[in-house]
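I have placed the structure first, in the form of structure tokens, so that the comments after it can refer back to it.
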Amino acid sequence: MSNSTKLDIQNLNAWFCEKHALKNVNVKIPDKEVVAVIGPSGCGKSTFVRCINRMHELIPGAKASGKALLDGVDVYGGMDVMDVRRKIGMVFQKPNPFPNMSVADNVVAGLKLVGTHSKKELAEIAEERLKSVGLWEEIKDELKKSGASLSGGQQQRLCIARALAMNPEVILMDEPTSALDPASTAKLEELVKKLKNEISVVIITHNVSQAARISDMTAFFYLGELVEFDETRNIFEHPKNPLTERYITGRFG
């Protein structure tokens, strides 16, 4: 396990108007490891990751308090919000490629906005990132087609390639395999395990078996609180909290 902390979440609270959705969450996300976030629907998992890259505040009536330190710098106090979202990438439950862009342009869409790369550099980055997510050999002859023309599993990996093209330090994934078939899910799980050689990964999953397969650490949320956070093996073999044991054995949630 990594000894260094990439993200240090301190006293994180979040609200939707009057609803207190996250309650005093404290957790240290290690560098270059996979952290699974599990818990029943409505327990605060998505709110947690959206607070980390400051997407929560985009929701009308939503607010947050506390700190989220990325390498010691608070994303709420010491960083520009666009810089936060570049360093902390996000992949959603439903693949969202830009339908009016080609596959290649989808990958480098964020870099095009920055405008600091030549066409040749953009093409090289697109190829590199498509290779890194295992898509290049599958679609190298379809780079000019719409990103929306790919299969669901390919679209999800395309969205991951798009996030990786920005060279993030952390990538957050909100149930990225929930809409995928088993074969596509297996490919994405292999990708997640490979990504930790490069960056930190936080993945929300409703599939506790998936959490056991792919993560180094697991965080269990319930009713807006972080109930337990430990090495995945300990969570599944020797959970400290009876709530955790009930959830992973399927007795509630």
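Loop-located GluC sites (Glu not before Pro) in region 183-217 (DSSP state other than H, G, I, E, B) with a sparse environment of at most 14 neighbouring Cβ atoms within 10 Å: GLU198. For the residue pairs LYS45/LYS94; LYS23/LYS196; LYS63/LYS240; LYS67/LYS94; LYS45/LYS144, the C-alpha atoms sit more than 26 angstrom apart in LYS23/LYS196; LYS63/LYS240; LYS67/LYS94; LYS45/LYS144. Less than 5 angstrom separates the built amide H of LYS6 from those of ILE29, ASP31, all sequence-distant by 5 or more or on a different chain. With helices as the sole contributors, the chain gives -10000 deg cm²/dmol at 222 nm; each DSSP H run of n ≥ 4 counts as -39500 (n - 2.57), and the sum is divided by every residue. Taking 0.36 nm per residue of separation and subtracting the Cα-Cα distance, full extension of the segment from LYS32 to PHE16 would add 2.6 nm.
The ranking of VAL27, VAL202, VAL81, VAL49 by Cβ neighbour count inside 10 Å, starting from the fewest, reads VAL81, VAL27, VAL49, VAL202.
Quick one: go through region 27-59 and flag any residue whose amide nitrogen is under 17 Å from the point 7 Å out along the Cα-to-Cβ line of ASN234. Residues 27-31, 33-38 fall inside that zone. Annotation: the residues ARG86, ARG50, sorted from fewest to most other C-beta atoms within 10 Å of their own C-beta, follow the order ARG86, ARG50.
Taking 0.36 nm per residue of sequence separation and removing the Cα-Cα distance, the GLU128/LEU58 pair yields an extension gain of 22.0 nm. Only Cα pairs under 8 Å and 6+ residues apart enter the sum, and on that basis the relative contact order of the chain stands at 27 percent. The stretch between PHE92 and LYS144 holds 16.3 nm of extra length on full extension. This uses 0.36 nm per residue minus the Cα-Cα distance.
The numbers here are math on the coordinates, done by the rules we state, and not lab data. The model shown is predicted, which means the values in this text are computed figures rather than measured ones. FYI the Cβ positions are ideal-geometry reconstructions off the backbone, even for glycines, and counts take in every protein chain you see.
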